[in-house]
1. With touching a Gly at 6+ places or on another chain (Cβ under 9 Å) and surrounded by fewer than 17 Cβ atoms within 10 Å (Cβ to Cβ) as the only criterion, which of ARG71, ARG99, ARG92 stands out?
2. Report the residue count in the stretch 111-163 for those that are charged (D, E, K, R), within 26 Å of LEU181 (Cβ to Cβ) and modelled with pLDDT under 80.
3. Just one of THR7, THR101 is outside the structural domain of LEU236 (by TED's automatic domain parsing), polar (S, T, N, Q) and at pLDDT 90 or above; which is it?
4. Right, SER218: modelled with pLDDT under 85 and either farther than 22 Å from ASP43 by Cβ or touching a Ser or Thr at 6+ places or on another chain (Cβ under 6 Å) (or both) or not?
5. What helices (runs of 4 or more DSSP H) lie completely within the stretch 1-102 and have 3 or more residues being in contact (Cβ under 8 Å) with a residue 12 or more places away in the chain and out of contact with any Asp or Glu (no Cβ under 9 Å at 6 or more places or on another chain)?
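The values are calculated or read from the model by the stated rules, or taken from the named source; none is laboratory data. It should be emphasised that the depicted structure is a prediction, and the values quoted were computed from it without experimental measurement. Cβ sites come from the backbone with ideal geometry, for glycine too, and all protein chains shown count toward neighbours.
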Amino acid sequence: MTPPAATHALSAKAIARLAAARHVGDLSEADASAKGLKLVATDHGAAHAPDHINLTLLVDNAGIVKDARFRSPAKDALLATYDLMTEQAIGRTLEDAARFTPRQADTQLRDADGGAVLDLVATNHPDADQPFYVLRKALERFQGAKAVADAVVPAGAGVAATLPWIEVGLFEKVRRIESVLDTHVRPALASDGGGIDLVDLKGDELYVQYHGACGSCSSSIGGTLNFIQDSLNNHLATQLSIKVSGVDESIVGL
């Protein structure tokens, strides 16, 4: 979705929200564990772009958002929009919250006698009616993690299989990673004559060995790392960083 850039004119409502932005910050696994909730963390936009946003949510087993925080270098009406977007998610199911659009945000931020706050709405851009992508990503990540908990965990796996990622040991983490690799990653790589082996897990850095027609060249590795990393993080609700064992990161091209 095109970033919902702000117009030059700030509404009184946007100014008031900026003066008392209530949802800027971060939520952690510790916050989630203390409340018996699931942490859903995602982001959207290039890391240093003015529209970049990091979003963290605490969600219960029914999918209801209990708390939410965001961080962004955005300014003016876009920052107010992100604060409103985050606020509206709290108390709703994530599935419902993920339907929120820039046009809906603009309606709440514009003054009664004023025009559109966001350029997308002012120009009637099609993306004005598309849900905020960061919310869609959060929903996909939550549904992916829930699917792993509900379906991928084998019978008799024990209590560890139901615990949050931060609370389980290396063996259980590796088991979950291998399960996602077997189900979602290896079949896709095999269709192109490739494969992947788990080498090591050090904190949030996962080292893998990639096998393909050119398992050591940047064109081969660079085209698969994002897919592997996104698949694991979306299904496990983690923030793993994938490293290819034995390959100089400077030649990967990511």
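1. One residue alone meets the criteria, ARG71.
2. 2
3. Going through THR7, THR101 in turn, just one is outside the structural domain of LEU236 (by TED's automatic domain parsing), polar (S, T, N, Q) and at pLDDT 90 or above: THR101.
4. The answer is yes for SER218.
5. Result: 76-89, 94-97.
Quick grid of which residues meet (1) touching a Pro at 6+ places or on another chain (Cβ under 6 Å); (2) at pLDDT 80 or above; (3) in the same structural domain as ASP31 (by TED's automatic domain parsing); (4) surrounded by fewer than 16 Cβ atoms within 10 Å (Cβ to Cβ):
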{"position": "LYS173", "(1), (2), (3), (4)": "no, yes, no, no"}
{"position": "ARG176", "(1), (2), (3), (4)": "no, yes, no, no"}
{"position": "VAL185", "(1), (2), (3), (4)": "no, yes, no, no"}
{"position": "ASP197", "(1), (2), (3), (4)": "no, yes, no, yes"}
{"position": "ASP204", "(1), (2), (3), (4)": "no, yes, no, yes"}
{"position": "CYS214", "(1), (2), (3), (4)": "no, no, no, yes"}
{"position": "THR224", "(1), (2), (3), (4)": "no, no, no, no"}
